[in-house]
Amino acid sequence: MQYVSTRGSAPALDFEGVTLAGLATDGGLYLPAKWPRFGEDEIAAMAGLPYAELAVKVMMPFVGNCLTEEKLLDLCQRAYGRFAHDAVTPLVQFNERLWLLELFHGPTLAFKDVALQLLGRLFEEFLSRSDERLTIVGATSGDTGSAAIDAVAGRERVDIFMLHPKGRVSDVQRRQMTTVKAPNVYNIAIDGSFDDAQAMVKRMFGDKEMTGRFHISAVNSINWARLMAQVVYYFAAGVQLGAPRRKLAFSVPTGNFGDVFAGYVAAKMGLPIERLIVATNVNDILHRALRDGDYSAGEVTPTAAPSMDIQVSSNFERLLFDCGARDGAALTAQMREFDETKAMRLTNAQREGTAELFTSARADADDMAQAMRWAAEHCGEIIDPHTAIGLHGALHAELDPSIPIVTLATAHPSKFRDAVERSTGTRPTLPMRVGDLFEREESYVELPGDYDAVAAYVAEHATPNR
Ligand SMILES: *Cc1c(COP(=O)(O)O)cnc(C)c1O
C-alpha cells in the first residue's frame with residue numbers, strides 16, 4: 001500500500017514510511033492511495049474474533065508488506081494485552097436503540113491508548129530495522145499526552161517532548177503525564193491554549209535547523225497509523241450489532257477529527273454505516289463547517305471536556321481532500337487561505353461529499369450535564385463529559401429508529417471526576433490500575449508560549465539522529 005499527501009507534492013511512502021514521518025514534507029497529511037474494501041462475506045467472518053485477530057484483519061491491507069501477519073499479530077497481542085477488559089473495547093447497551101462503545105480500558109483511561117499502545121510498538125520495530133532514533137514532539141489538550149507517554153516511556157530509540165497548555169488539563173490528566181519516571185520523557189507546560197501548542201509543534205516540523213539534527217515525528221492523530229488502529233473498533237462494534245446485514249450509526253465526541261475520520265475509513269472499507277454524528281462542544285468549528293460550510297476558527301473556550309477544546313481540527317483536511325476529488329493543489333490553496341485568515345468555505349463538492357455520511361451536533365454545558373444525568377438515571381451508567389457530548393448527539397439524532405446508534409465512550413469518568421460529580425452527584429473512583437497517581441512526584445518544565453524557547457529546550461535535551 002502506498003500513501004499520498006493531501007497537499008499533493010510530498011513523495012509517496014509505504015506504511016513504514018508514513019508511520020515514522022507523521023506529517024508529510026509538504027505540510028499535508030498522508031492517506032492511502034486507495035481505500036481497500038472488504039466483501040460482505042469477509043465482514044461477516046469477523047464476528048466473534050478476539051480483538052487482536054480482528055485488528056490484524058482490518059489493518060493488514062494498510063500495512064502491506066511492511067510487516068508479516070504474524071509480526072502484526074504479535075504487536076497487537078502485546079498492545080491490547082495491557083487493556084483491563086478482555087474484549088478490549090466492550091459494547092454496553094443503554095436501551096433498545098442506543099449503545100456505548102467503551103474505549104477507555106487502556107492504561108491511561110482514554111481511547112487514545114487503543115492506537116498509541118500499538119504505535120509505540122510499531123516505532124520500536126521500524127526504528128530497530130533502520131538503526132535510527134526518533135524525537136517525538138506533541139501537543140496535547142490532555143489525553144494524547146498521557147497515552148503517548150505511557151506508550152513510549154522507557155522504549156529504546158525514542159525521546160518524547162509533550163507540550164500541554166498550562167492549567168487547562170485536568171489534575172488526573174496532568175499527573176498521568178508528569179509522574180511518569182523515564183529518562184526519555186519530557187513534559188512542558190506552556191502559557192497558552194492547545195492550539196498555540198499545536199501551532200508550535202507544526203512549526204518545528206518545518207524548522208530546517210531542528211529537522212536537520214533530529215528525526216522529528218508526531219504522535220497526534222495526524223499520524224496515519226493511529227487512525228488505522230482506530231478503524232478496528234468500528235468493525236468490532238459493527239459486527240456485534242449485525243453488520244454487514246444491518247446498518248448502524250455512530251456518535252463521536254470530536255476534537256481533532258481523528259476518531260470520527262476512522263469511522264469514515266471503516267465506511268469506505270465496506271462497513272454499512274448509515275451516519276456518523278460529529279459531536280462537538282461549544283468549540284464548534286466542525287459543526288459550523290458541516291452544517292453551513294463555514295470553516296472559521298474562533299477563540300477556544302475552555303470547557304469540562306478539554307480534549308475537545310479545539311478550533312483547528314487537523315484531520316478535517318483528510319476529509320476535505322477525499323471529498324474534493326483528491327486535488328492536492330486545490331487543497332493546498334484552500335489550506336493556505338485558512339492559515340492566513342483563519343477562515344475558509346467548503347466547496348460545493350466538499351459539502352455534498354461530507355453530507356453523504358456526516359451530520360453534526362453541538363452541546364453546550366447544560367446539554368452535556370443533561371446527557372450525563374440521563375445516562376445515570378435511565379441506565380445507571382456514569383459517563384464522562386466527552387462521552388456525554390456524544391450521547392447528546394445520539395439522543396437528538398434524526399435517524400430511522402431501527403438503526404442502532406453507538407456512542408463512543410472516549411474517556412473513563414474518573415478522569416474528569418469533578419465535572420462528573422457536579423452533574424450527577426456521583427464521584428467516580430479511579431480504577432485500580434492507575435494506582436497511586438496522587439502520591440507520585442510530578443516533574444515538568446514551564447515555558448512561555450514562545451516557539452524559540454520550546455525549540456531551544458528540545459534541542460538541548462533530545463538525542464540527535466545518528
Ligand atoms: C482526544 C479525545 C477526543 C477527541 O478525539 P479526536 O480524535 O481528536 O476527534 C474526545 N474525547 C476524548 C476523551 C479524547 O481524549
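Some observations on this one:
- Value of Rg/Rh across the range 132-222 [Cα atoms, Kirkwood radius]: 0.95
- Computed over the chain, Kirkwood Rh from alpha-carbon pairs, angstrom: 22.0
- The range 350-401 gives an Rg/Rh value of 1.08, both radii derived from C-alpha positions and Rh following Kirkwood.
- Between L430 and A330, residue separation times 0.36 nm minus the direct Cα-Cα distance comes to 31.2 nm.
- For H85, the solvent-accessible surface computed with a 1.4 Å probe is close to 70 Å², ligands and nucleic acids excluded.
- Sorting the Cα pairs of the range 1-75 by distance into bins of 10 Å, from 0 upward, gives 19, 41, 29, 11, 0 percent per bin.
- The coefficient of translational diffusion for the range 222-350, derived via Stokes-Einstein from the alpha carbon Kirkwood radius under 25 °C and 0.890 mPa s, stands at 158 µm²/s.
- With R₀ set to 25 Å, the beta-carbon distance separating D294 from A349 gives a calculated FRET efficiency near 0.95.
- Ordered by solvent-accessible area of protein heavy atoms (1.4 Å probe), largest first, the residues T332, T89, T347 come out as T347, T332, T89.
- For the range 106-117, putting each phi into the Karplus relation 6.51 cos²θ - 1.76 cosθ + 1.60 with θ = phi - 60° gives couplings of x, x, 10, 6, 9, 5, 5, 4, 4, 7, 6, 4 Hz, in residue order, rounded to whole numbers and with x for Gly and Pro.
- For the chain, with +1 on Lys and Arg beta carbons and -1 on Asp and Glu, the positive-most of A343, S402, V58 along the dipole: V58
- Using equal-weight Cα scatterers in the Debye expression, the normalised intensity of the range 243-305 in log10 at q = 0.12 Å⁻¹ is -0.36.
- Using R0 = 56 Å, the C-beta based FRET efficiency linking E42 and Y457 works out to 0.70.
- Solvent-accessible area of T426, all protein chains in place: 60 Å² (probe radius 1.4 Å, heavy atoms, ligands and nucleic acids excluded).
- In terms of accessible area, using a 1.4 Å probe and ignoring ligands and nucleic acids, D309, D418 rank largest first as D418, D309.
- Within straight-line reach of K34, meaning a Cα separation under 18 Å, sit the following lysines at least 8 residues removed in sequence or on another chain: K57, K268.
- The modelled label-to-label distance between E441 and M60, using points 7 Å beyond Cα along the C-beta direction, is 4.9 nm.
- Nonlocal amide H pairs with A305, under 5 Å, H built at 1.01 Å: none
- The H on the amide N of A10, modeled in the peptide plane, is under 5 Å from the matching H of S5, D26, each at least 5 residues off or on a different chain.
- Equivalent ellipsoid, the range 311-444 (semi-axes from 5 times Cα gyration tensor eigenvalues, Å): 36, 23, 13
- For the range 302-384, the Kirkwood hydrodynamic radius comes to 15.5 Å, computed from all pairs of different C-alpha atoms.
- For the range 313-361, convex hull volume per residue from C-alpha positions, Å³: 82
- The Rg/Rh ratio for the range 119-172, using Cα coordinates for both the radius of gyration and the Kirkwood hydrodynamic radius, is 1.05.
- The residues of the chain have, on average, 37 Å² of accessible surface per residue, using a 1.4 Å probe with all protein chains present.
- Part-to-part distance (alpha-carbon centres) for the range 188-227 and the range 338-411, which is given in Å: 28
- Per residue, the Cα convex hull of the range 370-446 amounts to 137 Å³.
- Seen from a random direction on average, the alpha-carbon convex hull of the range 24-116 projects onto 8.6 square nanometres.
- Put simply, the amide H of A361, placed in the peptide plane, has neighbours under 5 Å in V278, A279, T280, leaving out anything fewer than 5 places away on its chain.
- Rel. contact order, % - alpha carbon contacts under 8 angstrom, at least six apart, the range 221-279: 42
- Each residue of the range 16-22 was assigned a 3J(HN,Hα) from its phi angle through the Karplus expression (A = 6.51, B = -1.76, C = 1.60, θ = phi - 60°), giving 4, x, 6, 5, 7, 7, x Hz with x at Gly and Pro.
- Put a plus charge on the Cβ of each Lys and Arg, a minus charge on the Cβ of each Asp and Glu, and nothing anywhere else: the dipole of the chain about its Cα centre is then about 500 debye.
- For E125, the solvent-accessible surface computed with a 1.4 Å probe is close to 40 Å², ligands and nucleic acids excluded.
The values are calculated or read from the model by the stated rules, or taken from the named source; none is laboratory data. Treat the numbers as computed from the prediction; the structure is a model and nothing was measured. Neighbour counts run over all protein chains shown; Cβ positions are idealised from the backbone, glycine included. Quick note on the areas: whole protein, heavy atoms, side chains included, nothing else; ligands and nucleic acids left out. Shrake-Rupley method; radii C 1.70, N 1.55, O 1.52, S 1.80 Å.
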